[in-house]
1. Sort 71, 89 by accessible area with a 1.4 Å probe, largest first.
2. If eta is 1.306 mPa s and T is 10 °C, what Stokes-Einstein diffusion coefficient results for the range 15-88, Kirkwood Rh from Cα pairs, in µm²/s?
3. What accessible area, in Å² to the nearest ten, does a 1.4 Å probe give for residue 59?
4. How much accessible surface does residue 25 have with a 1.4 Å probe, in Å² rounded to 10?
5. Can you run phi through the Karplus equation (6.51, -1.76, 1.60; θ = phi - 60°) for the range 49-61 and list ³J(HN,Hα) in whole Hz, with x for Gly and Pro?
6. 5 Å is the cut-off here: which amide hydrogens, built 1.01 Å from N in the peptide plane, fall below it relative to residue 38, excluding neighbours closer than 5 in sequence?
7. Round to the nearest 10 and report in Å² the accessible area of residue 93, as given by a 1.4 Å probe over the protein chains' heavy atoms.
Amino acid sequence: ATASSNRDIAQSFVASSGGSLNRVSVFLGKVGNPGADLTFHIVSDDGNKPNNSAMVSFTFPSAYVQSAPAWVEASFATPPSLTNGAKYWIVLDYKPRLAEELSRNYLVCRFDFRGHGAEGKNFELQG
């Protein structure tokens, strides 16, 4: 978390080839009724941590997230260009509107950079 009212989760990945990153898939579900939207950012690496400046961003309305987790795609209108072998980060930025959202209403996610496969990492965006 970057601040008490702002929740971020980041996962690094290394580009296996150069070119455009057209989309990122996240396995996303909700617990309760989170009111804040979720913003996906792609950022470059800054000494093994995410850079503060986004290469591209996409906002996904939390109203579209279902209780049963499902794959959600962030498609970028202007895809960022990746360099083969370089490290990047996907950052999920969640800003709850009310403090009570942090304990009762939150999002659960899983990253996948290769498609809709079973590999990835699980995370919860909550307080």
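1. Working: 71 80, 89 30 Å².
I get 71, 89, largest accessible area first.
2. Details: Rh = 13.7 Å.
Diffusion coefficient, whole number: 116 µm²/s.
3. Answer for residue 59: close to 80 Å² accessible.
4. The accessible area of residue 25 comes to roughly 10 Å².
5. 8, x, 5, 7, 10, 6, 6, 7, 9, 8, 9, 10, x
6. Correct list: 60, 62.
7. 20
The values are calculated or read from the model by the stated rules, or taken from the named source; none is laboratory data. All figures in this text were calculated on a predicted structure; none of them were measured in a lab. When the accessible area is computed, the model is the full protein with side chains, heavy atoms only, and any ligands, DNA or RNA have been set aside. Shrake-Rupley method; radii C 1.70, N 1.55, O 1.52, S 1.80 Å.
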